[in-house]
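Notes for the one structure printed next.
The values are calculated or read from the model by the stated rules, or taken from the named source; none is laboratory data. Please read these numbers as outputs of a predicted model, since none were measured by experiment. Methodologically, a virtual Cβ is constructed for each residue, glycine included, from the backbone with ideal geometry; neighbour enumeration extends over all protein chains shown. Quick note on the areas: whole protein, heavy atoms, side chains included, nothing else; ligands and nucleic acids left out. Shrake-Rupley method; radii C 1.70, N 1.55, O 1.52, S 1.80 Å.
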Amino acid sequence: MNKQEEKIIRKADWTSPSNIAFIKYWGKCGNQLPSNPSLSMSLKNSTTRTIVSVIESRDKPAFQFFFEGFKESTFDKKIDLFLKNAYNFFPSLQNKSLKIESCNTFPHSAGIASSASAMSSLALCICEIAEEKSSNYLNDAEFYRKASELARLGSGSASRSVYGGFSTWGKTSLLENSSDEWATFLDFDIHPVFSKLNDTILIVSSEPKKISSSEGHQLMNNHPYAKERFKLAHKNLECLLKAFQSGDTEEFIRVIENEALGLHSLMMSSDPAFILVKPHTLEIINRIIDFRKKTGLFLCFTLDAGPNVHLIYPDSIKSKITDIINSELLAFCENRKVIWDEIGEGPVRFTSENVKI
Ligand code: DP6
């Protein structure tokens, strides 16, 4: 391939985080609209960097995707669908050839939602490229809202990753400006006890998922408990928002553990049923509960749609939590593998000034 054929006419470069949901999105309808509102915390270290280049060429395919330096076709269907949505937003992108290069800071199948960071970084790049071409400039809030909406069409949880800190997605009477179409960041005074939460992920198994999230969401379509679940998510969100404001850590723990176990109960009571927790997941959970009873420390757990356990706790007790991880919990992790993460500030745009290659 000669260099001239690859002439880049525009380029965008974003790093975007994964997130961990405290109120879970599980069930969707219509065009990627959530059945209930969700709330998550963006992570700091678990990120995807995506570079999108617009290539000047007539005979190039609509896109080429490279993952960690190698041409990768596994995600072609997802990207193709994503770009079709993007063309509806930004018709000027149609007939362009895009080179999409992505890499993650975290290992695949580590129980970290890679679609959230991947789709949000891709959406941010696409919005930036479209914005440069348009004469209709968006302000920052509008830009992120658009990126969130586009990210949502790629993967629901990705809509929340275009912001740092805590964000919510899904219409709720509790939050002004909330929407099923995009996420918004949680714009109120959060009690300082929650200001620097850590998320340490204990890798119980790195086996590929038995069921994709998209298939999982479908199980809610005729789930016998669906109606009650969606109601409970609203209630739990309300309780969590109150706890965030008042600094009630017991209530925070109650809600997020209820959401985690609720998510897995829904999967276990689906038809067909899915059991994604492993014996070691339950062993870790029981030990966390015992440790909390013994010490009174603010440590709790949440789970994604997999067996790995996310430990949530404030940074102020990190050394005590490190001790219990090392002395008791590592034994239940696959190859003693743990990922240390914490609340993050959201996506970063690389420009020629701050670009790190
Ligand atoms: C359990 O966002 O991965 O992590 O919209 O089909 O891509 P799609 O699903 P996805 O679902 C995430 C489910 C969850 C809970 C959450 O992040 O809220």
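Residue-wise test of (1) within 13 Å of the ligand (Cβ to nearest atom); (2) assigned by TED's automatic domain parsing to the domain that holds Asp180; (3) not polar (S, T, N, Q).
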site: Tyr25; (1), (2), (3): yes, yes, yes
site: Asn31; (1), (2), (3): yes, yes, no
site: Ser40; (1), (2), (3): yes, yes, no
site: Phe67; (1), (2), (3): no, yes, yes
site: Leu83; (1), (2), (3): no, yes, yes
site: His108; (1), (2), (3): no, yes, yes
site: Ser114; (1), (2), (3): yes, yes, no
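Does Thr74 satisfy the condition of being open to solvent by 50 Å² or more (accessible area, probe 1.4 Å) and closer than 27 Å to Leu303 by Cα? Considered against the rule, which asks whether it is open to solvent by 50 Å² or more (accessible area, probe 1.4 Å) and closer than 27 Å to Leu303 by Cα, Thr74 comes out as yes. Where strands (runs of 3 or more DSSP E) fall entirely within the stretch 156-206, those with at least 1 residues that are away from the ligand (no atom under 16 Å from the Cβ) and in the same structural domain as Asp304 (by TED's automatic domain parsing) are at 197-202.
Among the residues of the stretch 136-155, the ones that are of a type in the set (Ser, Thr, Tyr), more than 16 Å from the ligand (Cβ to nearest atom) and either at pLDDT below 95 or closer than 20 Å to Lys77 by Cα (or both) come to 1 in all.
With respect to (1) in contact with a Cys (Cβ under 7 Å, 6 or more places away or on another chain); (2) loosely packed, with under 15 Cβ neighbours inside 10 Å, the lone exception for Thr50 is condition (2). Scanning the stretch 208-222 for residues that are crowded, with 19+ Cβ neighbours inside 10 Å and either more than 9 Å from the ligand (Cβ to nearest atom) or of a type in the set (Val, Ile, Thr) (or both) turns up Leu219, Met220. Of the set (1) within 30 Å of Glu215 (Cβ to Cβ); (2) open to solvent by less than 30 Å² (accessible area, probe 1.4 Å), all apply to Gly247 but (1).
Across the stretch 271-302, what is the total count of residues that are open to solvent by less than 40 Å² (accessible area, probe 1.4 Å) and either away from the ligand (no atom under 16 Å from the Cβ) or out of contact with any His (no Cβ under 6 Å at 6 or more places or on another chain) (or both)?
Of the residues in that region, 11 qualify.
Report yes if Asn139 is over 28 Å from Gly216 (Cα atoms) and without any contact (Cβ under 8 Å) to a residue 12 or more places away in the chain, otherwise no. Yes, satisfied.
Reported count of residues in the stretch 13-23, each being crowded, with 24+ Cβ neighbours inside 10 Å and more than 8 Å from the ligand (Cβ to nearest atom), is 5.
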